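Please see the structure below; I have some questions.
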Amino acid sequence: VRAVVVWGTQLTLEHSSALAHAPEAPVVLIESLRVCRRYRYHRQKLRFVLTAMRDFADELRAAGRRVVHRRLDEAHPDWFTELGRVCRTHGFTELVAMRAADRAPQRRLEDWCRRRGVPLTVTPDAMFLTAAEDFAAWRRDHGRLRMEDFYRWQRQRLGILMDGDGPLGGRWNHDADNRRPLPADVHPPAPALPSPSPHAAEVTRLVEERFADHPGSLEVHWLPTTRVAARAWLGDFVARRLDRFGPYEDAMRPGEPFLFHSAVSPLLNIGLLHPREVVDAVVAAGAPMNSTEGFVRQVIGWREFVHALYHHRPARWVASNRLRHRRRLPGWWWRLGDPPEPALAEAMGRLHRYGYTHHIERLMLFGNYMLLSRYRPREVFDWFMTMYVDAYEWVMVPNVIGMSQYADGGIERGGFATKPYISGAGYLQRMGGLWPSTAAARASGWTEMYWRFLEDHRDLLGSNPRLRTVYRALDRRRAPVAPPGQSALWQEPARR
Ligand SMILES: Cc1cc2nc3c(=O)[nH]c(=O)nc-3n(C[C@H](O)[C@H](O)[C@H](O)COP(=O)(O)OP(=O)(O)OC[C@H]3O[C@@H](n4cnc5c(N)ncnc54)[C@H](O)[C@@H]3O)c2cc1C
């Protein structure tokens, strides 16, 4: 007897190649305590995924599928022990599963089946637009793996925003029109929040009881957990925020979690939305080109690129530490409170509340501060994995280890990013007004950390063409910040 195994990150009836492969087979869904404890996940994430699994079980039943669903409170803590029990109880002798986006669960399932002699059919991961073979074909023609080249190839291959062989509107890239600070009189519309699922109250109780030691507040119900609610969430973004996504995609404003961002990553990453439908809805909306192109680039460019690269590069990528950073992540990061750097406090409070901050806050606020502080990249990775509702290994390794912490040494050394994403407080002040004044930002400990970092890593970064101007500015700015021989010594940033 054959059954389809569905992971909590594959909650899609329309796009599951495994459910399509075995349309009559019963479906196995398992909530596992051990999986929920793999990291000390933010409680918003636990509630979101567990509720969405329960909603998905309902959707499957309504579509006429037989479902074997083990809830957290009735299942054995270990996912595989429970799978064994389910197979014995229901007489399942053969399994079908769609390939998981992360390596570890896929490998473990294959090993488990092999050891028990259970035949396993693995169907392709249909939750992305770029199959491994597509990426391999592109890769063969490209020495350096640059996102911009990949993105243009994606546009052509998928026929998105094209005019014949060229880009619609004559330009591939509208970044020059984007990245503006948010003017004081622009007020982003708050997203229309979904009504909580019928399962939400019970799951909230469960999470409060079982995961009292995990970070994060459960106060706000902001994440859709059904297919219908996910479509409505996407529709709300397209109708009310997309038009100004482009110009303000890098802006920050205290008290505003979403600005003009879509907040669709949590939904895409567990199958409640598919990238093709997201891109189609955005293109069909006819928003200004800098917003449409800017958004499409994120989804068919960045998202697909990091996923393909995660599978293309060796698993040891996550352990990189080319800059040899050794500081431990202090406890206040894990408590999500009381940071010694006041510029982090407001966004950290929002992270506690939502398990979400937008891209530039991840990259240029938290990631930037962490890199300048020279924390161990693996601890930074664990922190992001713990705190974000949309965190999975396939997306975190490239974004945290590669892009944010430059731990693989960048593209020059076979890594990911073309430069480290660091800045002094001046940039953050311009984009988010996080200090009382520009002068205060310039004089801050943050800015001092920035120059010191560049100074100390001159051997690795000094030859990077994208940092040439910055190093020239550093040389003009001053003689060494500390007496010779001491510049590599760490100093705690000044408290303001
Ligand atoms: C340090 C760091 C950690 C990150 N962690 C995650 C993570 O755990 N999960 C995750 O999905 N994304 C992650 N990202 C990428 C990006 O920041 C988020 O996808 C985005 O902020 C999600 O919010 P949104 O849906 O409002 O995005 P929008 O700004 O509205 O962008 C639209 C979509 O584009 C995709 N996208 C944009 N940039 C990236 C990128 N660099 N990598 C992958 N997809 C991208 C996402 O699916 C996103 O939903 C991380 C980036 C950094 C720098």
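Nothing in this text is a laboratory measurement; each read-out follows from the coordinates by a stated rule. Please read all numbers here as calculations on a predicted model, not as lab measurements. All Cβ positions, even for glycine, are placed from backbone atoms using ideal geometry, and neighbour counts span all protein chains on display.
Checking residue 11 against (1) in a loop (DSSP other than H, G, I, E, B); (2) over 16 Å from residue 226 (Cα atoms); (3) touching a Phe, Trp or Tyr at 6+ places or on another chain (Cβ under 7 Å): exactly one of these is not met. Which one?
(2)
Restricting to the range 91-130, what's the tally of residues that are surrounded by fewer than 19 Cβ atoms within 10 Å (Cβ to Cβ) and of a type in the set (Phe, Trp, Tyr)?
Going through the range 91-130 one residue at a time, the tally reaches 1.
So, one more: Looking at the range 241-259, which of the residues that are near the ligand (Cβ under 8 Å from one of its atoms) and under 17 Å from the mean Cα position of the chain (by Cα) is surrounded by the fewest Cβ atoms within 10 Å (Cβ to Cβ)?
Within the range 241-259, the match that is surrounded by the fewest Cβ atoms within 10 Å (Cβ to Cβ) is 258.
Considering every residue within the range 380-402, establish whether at least one is in contact with a strand residue (DSSP E or B) (Cβ under 9 Å, 6 or more places away or on another chain) and assigned to a helix (DSSP H, G or I).
Yes, that holds for at least one residue.
Does the range 314-338 hold any residues that are buried (at least 19 other Cβ atoms within 10 Å of the Cβ) and away from the ligand (no atom under 14 Å from the Cβ), and which are they?
320, 323, 325, 336
Continuing with this model, one more query. For the range 383-439, how many residues meet the condition of being more than 16 Å from the ligand (Cβ to nearest atom) and more than 14 Å from residue 467 (Cβ to Cβ)?
Residues flagged as more than 16 Å from the ligand (Cβ to nearest atom) and more than 14 Å from residue 467 (Cβ to Cβ) within the range 383-439 amount to 13.
Test each condition in (1) hydroxyl-bearing (Ser, Thr, Tyr); (2) part of a helix (DSSP H, G or I); (3) near the ligand (Cβ under 9 Å from one of its atoms) for residue 357 and report the one that comes out false.
Of everything listed in (1) hydroxyl-bearing (Ser, Thr, Tyr); (2) part of a helix (DSSP H, G or I); (3) near the ligand (Cβ under 9 Å from one of its atoms), residue 357 misses just condition (2).
Looking at 115, 88, 70, 66, which is the one that is closer than 12 Å to residue 28 by Cα and out of contact with any Pro (no Cβ under 6 Å at 6 or more places or on another chain)?
None of the other options fit; the residue is 70.
Now for a different question. Under 9 Å by Cβ, and 6 or more places apart or on different chains, what pairs join a residue from the range 417-428 that is over 23 Å from residue 398 (Cβ atoms) with one that is assigned to a loop (DSSP other than H, G, I, E, B) and of a type in the set (A, V, I, L, M)?
425/434; 425/443; 428/252; 428/434
Right, something else. Given the options 361, 379, 455, name the one that is closer than 21 Å to residue 38 by Cβ and not aliphatic (A, V, I, L, M).
Within the list 361, 379, 455, the selection yields 379.
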